[in-house]
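Notes to accompany the following structure.
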Amino acid sequence: MALSGSYQNGITGYTVKTEWTATQNVEENYSDLTIKLYLICGYRYNLSISTKTHYVYIDNTAYSINSSLYTNGNQTLKLGEFTKRIYHNSDGTKTVNLSSVVTFNANIRGRHVNTIDGGSDTIELDKIPRMSLIKNTIDGSRYLNSLHTLH
């Protein structure tokens, strides 16, 4: 279980890195998941690509990030970030599937690159503790102004 992490994948000269962090709300049983998408460019792997739409998939639902790709290489480009609210199961657990794709649609060193698979990860968010339910009925005799022990 975790509240932050990252995964990455790429091709020669370019690596897509996805970082995630979760901020939990115990009372409402959810985590706000912040995703940051980066492109790590190797030495002399320059780019000059107009605005493209990149995708991060959360449980197979696509979320888009728009950015241009300009660099002379040897640089990490932050493509963007977003936050998505993720509700946990009734027992406080939650597993999330993440994957990323960066769009190039350009010729890179003599070959056409449409997209770069940024990899994927299955994350298990920290369990959110849930309140116990206490019945308002007690077996046996009860007396006012006396102590009762709940088990």
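Quick note: the coordinates plus some simple rules give every number you see, no bench work behind them. As the structure is a computational prediction, the values presented were derived from the model and not from experiment. Heads up, the Cβs are rebuilt from the backbone with ideal geometry, glycines too, and the neighbour counts pull from every protein chain shown.
Per-residue answers, yes or no, for (1) part of a strand (DSSP E or B); (2) exposed (fewer than 14 other Cβ atoms within 10 Å of the Cβ); (3) under 21 Å from the mean Cα position of the chain (by Cα):
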position	(1), (2), (3)
Asp91	no, yes, yes
Ser99	yes, no, yes
Asn107	yes, yes, no
Val113	yes, no, no
Thr122	yes, yes, yes
Ile128	no, no, yes
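Go through the stretch 75-87 and give me each residue that's farther than 30 Å from Asn25 by Cα and either free of Cβ contacts under 8 Å to residues at least 12 places away in the same chain or in contact with a Lys or Arg (Cβ under 7 Å, 6 or more places away or on another chain) (or both). Spell out the reasoning first.
Step one: filter the stretch 75-87 for residues farther than 30 Å from Asn25 by Cα, giving 75-77.
Across the stretch 75-87, there are no qualifying residues.
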Self-check item: Members of the stretch 3-18 that are free of Cβ contacts under 8 Å to residues at least 40 places away in the same chain and buried (at least 16 other Cβ atoms within 10 Å of the Cβ)
Solution: Thr15
Quiz item: How many residues does the stretch 64-82 contain that are surrounded by 14 or more Cβ atoms within 10 Å (Cβ to Cβ) and of a type in the set (Ser, Thr, Tyr)?
Solution: 2
